[in-house]
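What follows is one structure encoded as structure tokens, with my remarks underneath.
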Amino acid sequence: MRMLLIGPPGAGKGTQAVRVAESYGIPAISTGDIFRANVAQGTPLGLQAKEYMDRGAYVPDDLTNALVLDRLAHSDAGAGFLLDGFPRTLPQVHTLDSTLEETAGGLDAVIQLVIDTDAVVERLLKRAKDQGRSDDTEDVIRKRLEVYQEQTHPLVAVYAQRGVLVSVDAVGSVDEVTDRISGALSGRVQGSD
Ligand code: ADP
């Protein structure tokens, strides 16, 4: 089971990724979390990533690709994984494609979390108050949403064309959205029970 969660900042990818991955017994792999852990530990990768993250820009593809390929090579990802936040650009799609082709085929499902801009801005401003993430200031939030529209939203069409896209309404409680994802996946992919 190889899946990807895609959607704008604030759509709830991280929260849903953990739940969905658990129900399939696969690891949730979040590039944002890996970058933040590196920033917190002050690693060389973290120092490089931080300057991009703090202004709402994407970390360059070469750094990001290397990080994900390394993570996918861990044994726990052998039976499948749920990617959260990668791929986010077309070059990242190509990198993932060539890696997966070397093993066993492409992604089984790409779950798109659908939510409008006003709702995500509201959620992110609330998260800024609750958690104080350094990229959750209003200016940086707007920048992240712009970058998402420009660089990541086009990936939705790519995966739709491949017949693996599952679109889910991301407005509602966390449980409601999880139920929608489970419902949409069952029947599409095997092994949900
Ligand atoms: P959000 O989806 O709310 O923006 P994430 O935790 O997924 O939050 O990502 C936070 C930041 O980490 C991004 O704004 C970006 O700077 C960096 N990042 C995460 N994933 C990638 C990626 N695949 N490519 C480039 N940068 C990334």
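The values are calculated or read from the model by the stated rules, or taken from the named source; none is laboratory data. Just so we're clear, the structure is a prediction, and the values are computed from it rather than from any experiment. Glycine also receives a Cβ, built like all others from the backbone with ideal geometry; neighbour counts cover every protein chain displayed. Remember, those area values only see protein heavy atoms, side chains included, never the ligands or the DNA or RNA. Shrake-Rupley method; radii C 1.70, N 1.55, O 1.52, S 1.80 Å.
Mind listing whichever residues of region 20-50 are surrounded by fewer than 17 Cβ atoms within 10 Å (Cβ to Cβ) and either farther than 25 Å from T117 by Cα or not acidic (D, E) (or both)?
E22, S23, G25, A37, A40, Q41, G42, T43, P44, L47, Q48
Determine whether region 70-84 contains at least one residue that is near the ligand (Cβ under 10 Å from one of its atoms), farther than 24 Å from Y159 by Cα and without any contact (Cβ under 8 Å) to a residue 12 or more places away in the chain.
No, region 70-84 has no match at all.
Can you name every residue in region 100-116 that is over 22 Å from L185 (Cβ atoms) and modelled with pLDDT of 90 or more?
D116
Out of everything in region 1-54 that is among the hydroxyl-bearing types (S, T, Y) and without any contact (Cβ under 8 Å) to a residue 12 or more places away in the chain, what residue ends up being nearest to the ligand (Cβ to nearest atom)?
Top of the filtered list is Y52.
Consider D135 carefully, then state whether it is away from the ligand (no atom under 12 Å from the Cβ) and under 25 Å from E51 (Cα atoms).
Answer is no for this residue.
Quick grid of which residues meet (1) of a type in the set (D, E); (2) assigned to a helix (DSSP H, G or I); (3) in contact with a helix residue (DSSP H, G or I) (Cβ under 7 Å, 6 or more places away or on another chain):
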position: D118; (1), (2), (3): yes, yes, no
position: L124; (1), (2), (3): no, yes, yes
position: E150; (1), (2), (3): yes, yes, no
position: A157; (1), (2), (3): no, yes, no
position: A160; (1), (2), (3): no, yes, no
position: T178; (1), (2), (3): no, yes, yes
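Considering every residue within region 57-66, establish whether at least one is hydrophobic (A, V, I, L, M, F, W, C), away from the ligand (no atom under 11 Å from the Cβ), over 28 Å from E138 (Cα atoms) and surrounded by fewer than 19 Cβ atoms within 10 Å (Cβ to Cβ).
yes
Give me the pairs: first residue in region 149-161 and of a type in the set (S, T, Y) and open to solvent by less than 40 Å² (accessible area, probe 1.4 Å), second residue at pLDDT 95 or above and part of a helix (DSSP H, G or I), beta-carbon distance under 9 Å, and six or more apart or on different chains, which are they?
Every condition considered, the pairs that remain are Y159/V93.
Can you say whether L124 is modelled with pLDDT of 95 or more and either in contact with an Asp or Glu (Cβ under 6 Å, 6 or more places away or on another chain) or closer than 25 Å to A49 by Cβ (or both), as far as the supplied structure shows?
Answer is no for this residue.
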